[in-house]
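These notes are about the structure you will find just below.
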Amino acid sequence: MDNKAITIHRPRRLRRSAVIRDLVAETRLSAEGLIQPYFVCDGSGVREEITGLPGINRESVDKLLESIAEDMKLGIHRIMLFGVTDRKDASASSALSDDNPALRACAELKQKFGEELFVSADVCLCGYTDHGHCGLVDGHGVTNDDSVAVLTEMALTLARAGCDCVAPSDMMDGRIGSIRQALESEGFDNILIMAYTAKYSSAYYGPFREAAHSSPQFGDRKSYQMDFRNSSEALTELELDISEGADIVMVKPALAYLDIIAAFRDVSSAPVAAYNVSGEYTSVKLMAQAGLGDEKALTLENLTAITRAGASIILTYHTRDILKNEWLNG
Ligand code: PBG
Ligand code: ZN
């Protein structure tokens, strides 16, 4: 007998073939957990590609309805709406007006598709203020409680238009509680709140701000969005949002914040969502366009990592490509 050591533990046994690897996979991505974002703008007959977000358009309500009808055939049943308008002022009045394209889209989508389509809508003022901040501004900066009052009105207006879920992305203190109370007192007890709970001040939002015409015209968002050096603070935000009545809690961005997603997964009593943001998406698209990486492989690696970290819901611009190309079917 030779004295070659016997190797009992061979992790490679479980990696030998695709059927075995699929059998023992610990993380499985599924289309049910994906939410496709859309940008809905003023006018009619408008469909323009957003240069910073290859494959994603800005569309007027009529064109949006056509796109979503097509996307539903692919299997997209959960969406997030962002309104884009050039009617901006200091008080974000167009957010609440009847011709806000996001409101019209909610109403028409729910009328046309009913329960077949889960419509969530962004609640924030940055697309509607002339200064581009997510709240109202006074001589001292971005106000909190006055902003919450308008955000609450915006959420109510969206609920009246028929949306299923409001998603406040402003990061003002106390807005979840204020919105929940307002929804309850108007009888909207079935409207979900998906809170942007840990939304960080991030350089990865660049393409979105071009898409939504929502860049701040002065200063930055650091007095309301979180500082990326912090993680315990995200747990404070989590406790607050849950206690104030959030149904779903979100971490944003996703890929540079997998530790925050995992921390939420460990302690959250609510489903955890992650926003795979514009800059993350465009990085993949640009690598693929430059021939430096395979788009399917990059996309599935990223979304699987976000799932593995603990998110059961992912908002991602990749959703349509994943379904159209059947990337989840091997
Ligand atoms: C608006 C909002 C932003 C995003 C979602 N809602 C941008 C921002 O805070 O500047 C970013 C989404 C993305 O980058 O894909 N508050
Ligand atoms: Zn905003």
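Points worth noting:
- Pair list, Cβ < 9 Å and 6+ apart or interchain, from region 35-47 residues that are among the aliphatic types (A, V, I, L, M) to residues that are crowded, with 18+ Cβ neighbours inside 10 Å and in a loop (DSSP other than H, G, I, E, B): Ile35/Ile76
- Total residues in region 197-241 satisfying the condition of being out of contact with any strand residue (DSSP E or B) (no Cβ under 7 Å at 6 or more places or on another chain), assigned to a helix (DSSP H, G or I) and over 21 Å from Gly52 (Cβ atoms): the figure is 5.
- Ala92 being within 16 Å of ligand 1 (Cβ to nearest atom), on the phi > 0 side of the Ramachandran plot, buried (at least 21 other Cβ atoms within 10 Å of the Cβ) and modelled with pLDDT of 95 or more: yes
- Here the condition is being within 12 Å of ligand 1 (Cβ to nearest atom), hydrophobic (A, V, I, L, M, F, W, C) and more than 17 Å from Gln225 (Cα to Cα); of Ala121, Ala155, it holds for Ala121 alone.
- Within region 119-148, the set of residues being away from ligand 2 (no atom under 12 Å from the Cβ), small (Gly, Ala, Ser), free of Cβ contacts under 8 Å to residues at least 60 places away in the same chain and not in a loop (DSSP other than H, G, I, E, B) comprises just one member, Ala121.
- Tallying residues that are within 23 Å of Tyr196 (Cβ to Cβ) and either within 15 Å of ligand 2 (Cβ to nearest atom) or of a type in the set (D, E, K, R) (or both) within region 107-118 yields 1.
- All positions within region 92-104 that are outside any helix (DSSP H, G or I) and either free of Cβ contacts under 8 Å to residues at least 40 places away in the same chain or touching a helix residue (DSSP H, G or I) at 6+ places or on another chain (Cβ under 7 Å) (or both): Ala92, Leu96, Ser97, Asp98, Asn100
- Thr152 being more than 22 Å from Val46 (Cα to Cα), surrounded by fewer than 19 Cβ atoms within 10 Å (Cβ to Cβ) and within 16 Å of ligand 2 (Cβ to nearest atom): no
The values are calculated or read from the model by the stated rules, or taken from the named source; none is laboratory data. For clarity, every value in this text was computed on a predicted model and none was experimentally measured. For neighbour counting, all protein chains shown are included, and Cβ atoms are generated from backbone atoms with ideal geometry for every residue, glycine included.
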